[in-house]
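Trainee: My questions will all concern the structure given below.
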Amino acid sequence: MIKLLKNLQKKDIPYAIICVILIVAQVWLELKMPDYMANITQLVQTQSSSMKEIIKQGAYMLSCAMGSLVSACIVGYLVAKIAASFSLRTRAKLFKKVENISMQEIKSFSTSSLITRTTNDITQIEMLIAMGLQLMIKAPITAVWAITKILGKSIEWSVITAIAVAILLVTISILMMIVMPRFKIVQKLIDKVNLVTRENLNGIRVVRAFNAEKYQEDKFEEVNNNLTKTQLFNQRAFTIMSPIMYLVLYFLTLSIYFVGAILIDKANLSDKIVLFGNMIVFSSYAMQVIISFLMLAMIFMMLPRADVSAKRINEVLDTEITIKNGKVTKNKNGLAGTIEFKNVSFKYPDADEYIIKDISFTANKGETIAFIGSTGSGKSTLINLIPRFYDVTDGEILINGIDVRDYDEEYLHDVIGYVPQKAVMFSGTVSSNVSYGSVRGGKPNKKKIEEAIKVSQADEFVSKLDKKYDSHIAQGGTNISGGQKQRLSIARTIARNPEIYIFDDSFSALDYKTDVTLRKELKKYTKDATNIIVAQRIGTIMQADKIIVLDKGKCVGIGTHRELLKKCKVYKEIALSQITKEELENA
């Protein structure tokens, strides 16, 4: 928690100092009121006192109350400002961290957990700062100050107050031991609720197609009930605290008056009025002490959950970034679009076996290199090493003669145009999606957008939309088809004009006619760039300059389509499973 609170900036320190000063003033004013109350009590009991004096003391009391109110309002405003500022910076820091960590670290946390940590966990700490900064300062000051005022007035009353405080401390300690472990469970259960909700929304079509609504409802009900039961246990545990607190408070007041009555009864006539006034003051201060512990109890109710949230946030912030950023920001060798794999092998950090084993090849400017192989042969994993979504385990990948690990990531990604296996659309317009990543804060080039859409064969459906390039695209592209999403995804990459194009099975949702036309136009448009294509269909890669056949992570064949038909058994089997022997011979 303390580590996370370092996110408070230096500009927040003056606000915190002002808050402390105002809280001290507030406590002083609140503790001054019982003195005026004692004076009023004595004046009322004294026959020679005038109404003017009584009203004067009452005015002082009202002034103290008003001053305390104004101070509390200012403190509330400043503390809310500090808490909101802390939340803003922490959420931004957490988001930036998630943006920079590799796919490996993101998968270790899970998407649903990262969403909870960025939202709910930070909110828990924000609430603690907003309320805790006031109560954690005010409660101890009030308790200590009030105790110093009542010490020495009466040993009997002091003992009664000490017993009441001891009961409260024991109650709070027992509750903390019971509830603290369950708060850790609560945040994990929130992760699960988020996970089930996201799965249901993302897979809503599958759910409905298989009539699995009841199954999903039962699944959600299970995790939701677990969360509810845990939360109910925590809240019920804390509800015990409130009646005990008030029970102690009222019994303390009753005990003070009971003992006071005995003391006043035994006192001399001249001391009775003074003793009565002391009893009123003591009971007020004793209530202030108990109220201070009530405030601390509120903090203890919030602290366990906020502490758990802080640890969860720190887990992300303290995650070591495995993919270190390089320093190369320009092409030193005069090469363009050259990719070289040198004995590249890769395995996931927590895996025993290699996914990719000893792959070597070179792709020069203007060439089209294609990868094909059975499912799970490592095609997508291989090309994900180029933009450094993962780093190689052994060997090296060179772009323009420089190891990709030496490049500044921003510069490296500017050189590469990547079309993922699953087309991703962002909420916005056709234009904003196509120009995504190529604008850099400036206005999108309309001519470039139109050209990219035309080359990707997306113009066929974009021209029929109501607002054409300004037509709305829903989050995830749910209002357009899979083939349309793929074409817009390809257009997005074309609009960047990179040196190297990477297509990770990016033509799978296209019909054969559109696929052929698109690749024909793409070849003309990218004649000065290097194309890396992963595909399942032989028809997509037949015209490639070099085809690399993968099987169980190993390269089992490199060559052109005709060469591989003659010398690569795996390639021929894949080809014959898709195209007849006659068609292959005539291709």
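Since every read-out is calculated from the coordinates, none of them should be taken as a lab result. Note that the coordinates shown come from a computational prediction; the quantities given were computed from them, not determined experimentally. Positions of Cβ are generated from backbone atoms using ideal geometry, with glycine treated the same way; all protein chains shown enter the neighbour counts.
Trainee: Please list the non-local residues whose amide H lies under 5 Å from the amide H of T429, H modeled 1.01 Å from N, same-chain partners needing a gap of 5 or more.
Mentor: I473
Trainee: Tell me the angle of helix 155-202 to the major Cα principal axis of the chain, expressed in degrees between 0 and 90 and rounded to the nearest ten.
Mentor: Once rounded, the angle reads 20 degrees.
Trainee: Mean residue ellipticity at 222 nm from the helices of the chain, using -39,500 (n - 2.57) per DSSP H segment of n ≥ 4 over the full residue count, to the nearest 500 deg cm²/dmol?
Mentor: One gets -21500 deg cm²/dmol as the mean residue ellipticity at 222 nm.
Trainee: Quick check: Cα centre of segment 297-358 to Cα centre of segment 474-490, how many Å?
Mentor: When both Cα centres are located, 29 Å separates them.
Trainee: To the nearest whole percent, what portion of all C-alpha pairs in segment 339-586 is separated by more than 32 angstrom? Write down the numbers at each step before the final one.
Mentor: Numbers: 6880 of 30628 pairs.
Tail of the P(r) past 32 Å holds 22 percent of the pairs.
Trainee: Using the per-residue mean of other Cβ atoms lying within 10 Å as a proxy for protection, in what order, highest first, do the peptides 317-329, 289-301 fall? Can you show the working numbers first?
Mentor: Details: 317-329: 12.9, 289-301: 20.5.
Sorting 317-329, 289-301 by mean packing, highest first, produces 289-301, 317-329.
Trainee: So in the chain, what percent of DSSP beta bridges are antiparallel if you round to the nearest 5? Walk me through the intermediate numbers first.
Mentor: Values: 19 of 38 bridges.
Looking only at bridges with both residues in the chain, the antiparallel portion is about 50 percent.
Trainee: Nearest 10 degrees is fine. How inclined is helix 569-578 to the longest principal axis of the chain, computing both from alpha carbons?
Mentor: The angle comes out at about 90 degrees.
Trainee: Within 10 Å, count the other beta carbons around each residue, average over each peptide in 188-195, 330-337, 276-283, and list them highest first.
Mentor: Final packing ranking: 276-283, 188-195, 330-337.
Trainee: Just want the answer: with Cβ charges of +1 for Lys and Arg and -1 for Asp and Glu, which residue in T493, F389, L317 is farthest toward the dipole's positive end in the chain?
Mentor: My answer, from the dipole projection, is T493.
Trainee: Below 14 angstrom from the Cβ of E217, what's the summed charge of the other residues (Lys, Arg +1; Asp, Glu -1)? Walk me through the intermediate numbers first.
Mentor: Working: positive: R208, K214, K219; negative: E199, E213, D218, E221, E222.
Residues near E217 contribute -2 overall.
Trainee: When only C-alpha pairs under 8 Å and at least 6 residues apart count, what is the relative contact order of the chain, in percent?
Mentor: On the way: 816 pairs, mean separation 81.5, N = 587.
Relative contact order for the chain comes out at 14 percent.
Trainee: When N is the residue count of the chain, what does its C-alpha Rg come to as a fraction of 2.2 N^0.38 Å?
Mentor: Details: Rg = 36.0 Å, N = 587, 2.2 N^0.38 = 24.8 Å.
Ratio of Cα Rg to 2.2 N^0.38 Å: 1.45.
Trainee: Could you state, as a whole-number percent, how many of the C-alpha pairs of segment 50-202 are farther apart than 18 Å? Don't skip to the answer; put the middle values down first.
Mentor: Details: 8911 of 11628 pairs.
Beyond 18 Å sits 77 percent of the P(r) for segment 50-202.
Trainee: Here's another thing I want to ask about it. Could you work out the relative contact order of segment 339-586? I mean the mean sequence separation of Cα pairs under 8 Å and 6+ apart, divided by the number of residues, in percent. Kindly include the intermediate steps, with their values, before the conclusion.
Mentor: Details: 455 pairs, mean separation 65.4, N = 248.
Once normalised by length, the contact order is 26 percent.
Trainee: Follow-up. Taking the Cβ of I473 as the centre, find all other residues whose Cβ is under 12 Å away and add up their charges (Lys, Arg: +1; Asp, Glu: -1). Show your work: numbers first, answer last.
Mentor: Numbers: positive: K467, K485, R492; negative: D470.
That works out to +2.
Trainee: As a test of understanding, state the convex hull volume per residue of segment 194-349 from its alpha carbons, in Å³.
Mentor: Numbers: hull volume 43.0 nm³, N = 156.
That works out to 276 Å³ per residue.
Trainee: Could you compute the net charge surrounding A370? Neighbours are other residues with a C-beta less than 9 Å from the C-beta of A370; K and R count +1, D and E count -1.
Mentor: Numbers: positive: K546; negative: D545.
Charge balance near A370 sits at 0.
Trainee: Per residue Cα convex hull volume for segment 471-538, in cubic angstrom? Could you put the intermediate results ahead of the total?
Mentor: On the way: hull volume 7.1 nm³, N = 68.
Hull volume over Cα atoms, normalised by residue count, gives 104 Å³.
Trainee: Still on this structure, please answer the following. Please report how many Lys pairs in segment 325-431 have alpha carbons closer than 27 angstrom, counting only residues at least 8 apart along the chain or sitting on separate chains.
Mentor: Step by step, the pairs that qualify in segment 325-431 add up to 19.
Trainee: Debye calculation, C-alpha points only, no solvent: report log10 I(q)/I(0) for segment 113-236 at q = 0.14, 0.15, 0.20, 0.22 Å⁻¹, in the same order as the q values.
Mentor: The computed values of log10 I(q)/I(0) come out as -0.83, -0.89, -1.18, -1.26.
Trainee: Please give the helix 269-317 orientation as an angle from the longest Cα principal axis of the chain, in degrees from 0 to 90, rounded to the nearest 10.
Mentor: Around 10 degrees separate the two axes.
Trainee: For the peptides 259-267, 377-385, 567-575, what is the packing order when you average, over each peptide's residues, the other Cβ atoms within 10 Å and list the highest mean first? Mind dumping the intermediate values first?
Mentor: On the way: 259-267: 14.2, 377-385: 21.0, 567-575: 17.1.
Going from most to least packed, we get 377-385, 567-575, 259-267.
Trainee: Using Cβ counts within 10 Å as a stand-in for footprinting exposure, how do M425, M136, M177 rank, fewest first?
Mentor: Ordered by Cβ neighbours within 10 Å, fewest first: M177, M136, M425.
Trainee: What are the lysines whose alpha-carbon lies under 22 Å from the alpha-carbon of K52, with same-chain residues fewer than 8 places away excluded?
Mentor: K32
Trainee: Considering only segment 339-586, what is the antiparallel percent among its DSSP beta bridges, to the nearest 5? Kindly include the intermediate steps, with their values, before the conclusion.
Mentor: Working: 19 of 37 bridges.
Counting only bridges with both partners in segment 339-586, antiparallel ones make up about 50 percent.
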